[in-house]
Amino acid sequence: MKYGVIGYPIEHSLSPAMFGAVFEREGLGHEYAKYKVAPDELSDFLKGSVSAGDLGGFSVTIPHKEAVVAMMDELNNDAEIIGAVNTIAIRNKRLFGYNTDWIGVMRALSEITVLKGREVTVLGAGGAAAAVIYACLQAGARLTVLNRDVSRADALKQRFNADFETGPLNMIEQIETEILIQTTPVGMAPNEGDSLVSGKYLRSGMTVMDIVYNPQMTKLLCDAKDAGCKIVFGYKMLLFQGAEQYKIWFGKEPNINVMETALLKYLK
Ligand code: NAP
């Protein structure tokens with residue numbers, strides 16, 4: 001069967017490396033490709049994929065995660081609440097939509113720390129933040145969401161019908177947090193020197209995750225490490241959301257080491 005990632009642009013996606021490696025290791029003949037699909041072609045592309053008969057599913061990336069929601073025949077409950085689909089399974093000529101980003105971030109953090117009852121601050125209120133916030137709420141964290149545009153953080157509060165603090169980014173200076181999760185593109189290559197958080201607010205005992213994975217060691221994570229914090233790499237979210245996609249398509253756990261090794265070959 002054929003699988004692949006749909007995005008626009010798509011050249012930089014690491015999903016083909018991750019799934020290509022695990023498919024090759026299994027030797028079952030599955031393929032995984034990149035599909036560059038413009039927003040106005042998305043609906044026809046999905047209809048064509050269902051008719052083709054040899055496609056098993058897709059990973060969905062920027063900018064299509066929200067748009068594909070309305071194109072699904074069936075929507076998983078988590079994807080519906082988050083308002084984004086990053087995984088499609090094609091079964092009996094029907095499109096099933098899921099969101100595995102929230103599980104990816106939860107599994108990444110759970111390797112290092114516990115979210116339940118902890119003071120967690122999320123920086124950002126975009127698409128990725130929605131999945132991160134959903135994960136934190138599911139895990140029972142005590143949440144604060146800070147964003148440049150505070151109204152977007154408030155909109156997520158409404159979406160999740162939750163009662164968390166929101167505020168501007170500089171509010172970080174006034175709050176004590178145990179776990180900090182950075183979900184904006186700040187610090188991503190080619191702007192590796194940028195960070196939203198001054199090193200002086202980081203202290204040992206904190207856990208800091210940056211969901212940016214290029215570079216692997218962002219400025220924020222460097223500063224956090226210097227301050228004695230525990231750090232969580234953004235690529236772990238990518239890895240574990242991919243592992244969940246594999247489970248949806250094939251009903252079993254993938255070889256995570258093969259996927260991780262393949263990812264790390266492409267990350268600085
Ligand atoms: P998005 O929906 O466009 O949201 C961007 C967010 O970043 C918004 O909250 C935006 O604030 C904020 N932002 C952007 N530029 C900023 C700046 N210069 N200063 C302060 N805030 C800024 O994007 P997204 O889909 O959430 O993706 C965000 C990042 O997460 C990307 O780097 C993406 O590669 C990464 N990501 C990683 C994974 C993973 O598996 N590790 C998964 C998904 C995404 P405003 O609302 O104020 O504009």
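The values are calculated or read from the model by the stated rules, or taken from the named source; none is laboratory data. As the structure is a prediction and not an experimental result, all values here were calculated from the model. Neighbour counts are summed over all protein chains in view; Cβ atoms, including those assigned to glycine, are modelled from backbone coordinates with ideal geometry. What goes into the accessible areas is simple: the full protein's heavy atoms, side chains included, and nothing from ligands, DNA or RNA. Shrake-Rupley method; radii C 1.70, N 1.55, O 1.52, S 1.80 Å.
General remarks:
- Among the residues here, ARG94 does not qualify as open to solvent by 60 Å² or more (accessible area, probe 1.4 Å) and free of Cβ contacts under 8 Å to residues at least 40 places away in the same chain.
- Restricting attention to the stretch 133-169, the residues being charged (D, E, K, R), more than 9 Å from the ligand (Cβ to nearest atom) and in contact (Cβ under 8 Å) with a residue 12 or more places away in the chain number 5.
- Any hit, the stretch 163-186, residues being over 14 Å from THR121 (Cβ atoms) and more than 20 Å from the chain's Cα centre (by Cα): yes
- Selected residue (criterion: nearest to TYR246 (Cα to Cα)) from residues of the stretch 29-67 that are within 16 Å of the ligand (Cβ to nearest atom), of a type in the set (A, V, I, L, M) and open to solvent by 20 Å² or more (accessible area, probe 1.4 Å): ILE62
- Here the stretch 14-66 is the region considered, the condition is being under 16 Å from the mean Cα position of the chain (by Cα) and among the small types (Gly, Ala, Ser), and the residue that is nearest to GLU260 (Cα to Cα) is SER15.
- Qualifying residue in the stretch 101-114 (condition: surrounded by 21 or more Cβ atoms within 10 Å (Cβ to Cβ), within 18 Å of the chain's Cα centre (by Cα) and in a loop (DSSP other than H, G, I, E, B)): no
- Qualifying residue in the stretch 167-189 (condition: out of contact with any strand residue (DSSP E or B) (no Cβ under 7 Å at 6 or more places or on another chain) and open to solvent by less than 60 Å² (accessible area, probe 1.4 Å)): yes
- Hits in the stretch 108-132 (condition: within 11 Å of the ligand (Cβ to nearest atom) and touching a helix residue (DSSP H, G or I) at 6+ places or on another chain (Cβ under 6 Å)): ALA108, VAL122, ALA125, ALA130, ALA131, VAL132
- Selection of the stretch 190-221 for residues being open to solvent by 30 Å² or more (accessible area, probe 1.4 Å) and among the acidic types (Asp, Glu) yields GLU192, ASP194.
- Residue count for the stretch 225-241 satisfying the condition of being farther than 20 Å from MET106 by Cα and either open to solvent by less than 30 Å² (accessible area, probe 1.4 Å) or touching a helix residue (DSSP H, G or I) at 6+ places or on another chain (Cβ under 8 Å) (or both): 2.
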